[in-house]
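The values are calculated or read from the model by the stated rules, or taken from the named source; none is laboratory data. None of the values given here were measured: they were computed from a predicted structure. We place every Cβ from the backbone using ideal geometry, glycine too, and count neighbours over all the protein chains shown.
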Amino acid sequence: MNYKNSIINKLLDKYEKSKALYTESNRRILIKMKDIKEYNIEDYEAKKIFHDLVKELKKEQLIDYTWEPYEKRKYIARDMAR
C-alpha cells in the first residue's frame, strides 16, 4: 500500500475543494485521521509503517502533524495539516 500517495492525495483533494485554491489564504488544510482508511491503529506493523511515512513527509516539509496528548508515538492526532 502506498500510504504517501494516499495522504498527499487526500490533502490535495481537500485543497482543491477549498476557497484557498482561488484566493490567497493562510488557513491550513486539515484532514482527519478517520478519513484515511489505511490508518489502522489495530495493526501494529501497518501503524508503524504509516507513522514512519508521516514522519518522512514532515521531514520533507510536505505535511505537519501532532501526536494525541499523552499518547506520543502511539496515535497521531485527529488532524494533519499543511
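Checking each residue in segment 39-61 for being polar (S, T, N, Q) and either surrounded by 11 or more Cβ atoms within 10 Å (Cβ to Cβ) or within 11 Å of the chain's Cα centre (by Cα) (or both) picks out only Asn40.
Taking residues in segment 48-59 that are polar (S, T, N, Q), and partners anywhere that are exposed (fewer than 13 other Cβ atoms within 10 Å of the Cβ) and assigned to a helix (DSSP H, G or I), not one pair has Cβ atoms closer than 6 Å while being at least 6 places apart or on different chains. Name the residues in segment 2-13 that are under 18 Å from Asp64 (Cα atoms) and either in contact with a helix residue (DSSP H, G or I) (Cβ under 9 Å, 6 or more places away or on another chain) or not in a helix (DSSP H, G or I) (or both), would you? Selection gives Tyr3, Lys4, Ile7, Ile8, Lys10. Being of a type outside the set (Val, Ile, Thr) and either surrounded by 15 or more Cβ atoms within 10 Å (Cβ to Cβ) or modelled with pLDDT of 75 or more (or both) is true of Tyr22.
Taken together, the residues in segment 14-36 that are within 19 Å of Asp64 (Cα to Cα) and assigned to a loop (DSSP other than H, G, I, E, B) amount to 7. Take the conditions (1) modelled with pLDDT under 80; (2) surrounded by 14 or more Cβ atoms within 10 Å (Cβ to Cβ); Ile31 misses just one of them, which is (1).
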